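One structure is given here, and the rest of the page talks about it.
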Amino acid sequence: YLAGDVAQNARRIVDAYESYQQVRILRGPLEGVYLSFFFMMTLLILVSATWVGLYLAKRITRPVQQLAEGARAIAAGKFDHRIEPETRDEFGGLIEAFNQMAGELASSQRRLERSRSDLEQKNSESDSRRRYIETILERIATGVISVDAAGRLTTMNGAAMRLLKLDAAHLGRTIDEVFARADLAPLHPAIARGMTGRTGEHIGQVLERVDPA
């Protein structure tokens, strides 16, 4: 005979044991469910971390790649190349600075083109004037020579060659060498003074001494 409390506790122990045995049968499936849940959570975290990493890497590498492509385009002479900024962070400011630099380079290129065009035009005009002056000097009967600052004979027309009995081989020589001849020696002081003073004051003196008639 068992007392009421002991019998009640015995029944409770039996019920608990039977419940434990029923739960023990479901232990494997429950562990599989929990493991599957944790695996899915781990996989979701890994996928999210990978996506965030790729997104952040793309935000860093894409502006750098665009800047590299823009630099190659600028190096190839495409000064009108521009990059559209996709962000407003430091990379966006860097792209804005690149676009500003490209604009300044394009403006400088246009100014250089205009300067080159103007210089070519001036050179063409200078060549035309030089040919015109040379044509005139060759057609006149007066002998004309020109001397640079170093005292070297730079130009000489045909009349001067005939009057002074010189040839093109004397071009580039100094006046000391060219006018060392006895018949040309009187011209040396006048030309030397003309190199240091006002040329117009000595042209008449040179012509007077050259003309023996």
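Key figures
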| quantity | calculated |
| --- | --- |
| Residue that is least open to solvent (accessible area, probe 1.4 Å) [pool: residues in segment 76-87 that are closer than 14 Å to E104 by Cα and not aromatic (F, W, Y)] | G77 |
| Complete set of residues in segment 143-181 that are part of a helix (DSSP H, G or I), open to solvent by 90 Å² or more (accessible area, probe 1.4 Å) and closer than 14 Å to A192 by Cα | D176, E177 |
| So R129, is it open to solvent by 80 Å² or more (accessible area, probe 1.4 Å), at pLDDT 80 or above and closer than 30 Å to F79 by Cβ | no |
| Which numbered condition R130 misses (of (1) within 30 Å of D176 (Cβ to Cβ); (2) assigned to a helix (DSSP H, G or I); (3) in contact with a helix residue (DSSP H, G or I) (Cβ under 9 Å, 6 or more places away or on another chain)) | (3) |
| Residues of segment 53-75 satisfying the condition of being surrounded by 14 or more Cβ atoms within 10 Å (Cβ to Cβ), modelled with pLDDT of 80 or more and more than 27 Å from L112 (Cα to Cα) | Q66 |
| First in segment 60-81 and touching a residue at least 40 places away in the same chain (Cβ under 8 Å), second anywhere and surrounded by fewer than 11 Cβ atoms within 10 Å (Cβ to Cβ) and outside any loop (DSSP other than H, G, I, E, B), Cβ under 6 Å, 6 or more apart | none |
| Cross-chain or 6+ apart pairs with Cβ under 7 Å, segment 159-185 first and on the phi > 0 side of the Ramachandran plot, then open to solvent by 50 Å² or more (accessible area, probe 1.4 Å) | G172/R152 |
| Which listed residue is modelled with pLDDT of 80 or more and in contact with a Leu (Cβ under 7 Å, 6 or more places away or on another chain), from M156, M161 | M156 |
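The rows are residues; the columns are (1) of a type in the set (G, A, S); (2) modelled with pLDDT under 85; (3) under 23 Å from the mean Cα position of the chain (by Cα); (4) surrounded by fewer than 10 Cβ atoms within 10 Å (Cβ to Cβ).
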| residue | (1), (2), (3), (4) |
| --- | --- |
| Q109 | no, yes, yes, no |
| E120 | no, no, no, no |
| E134 | no, yes, no, no |
| A141 | yes, yes, no, yes |
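The values are calculated or read from the model by the stated rules, or taken from the named source; none is laboratory data. For clarity, every value in this text was computed on a predicted model and none was experimentally measured. For neighbour counting, all protein chains shown are included, and Cβ atoms are generated from backbone atoms with ideal geometry for every residue, glycine included. We work out accessible area using only protein heavy atoms, side chains counted, and drop any ligands, DNA or RNA first. Shrake-Rupley method; radii C 1.70, N 1.55, O 1.52, S 1.80 Å.
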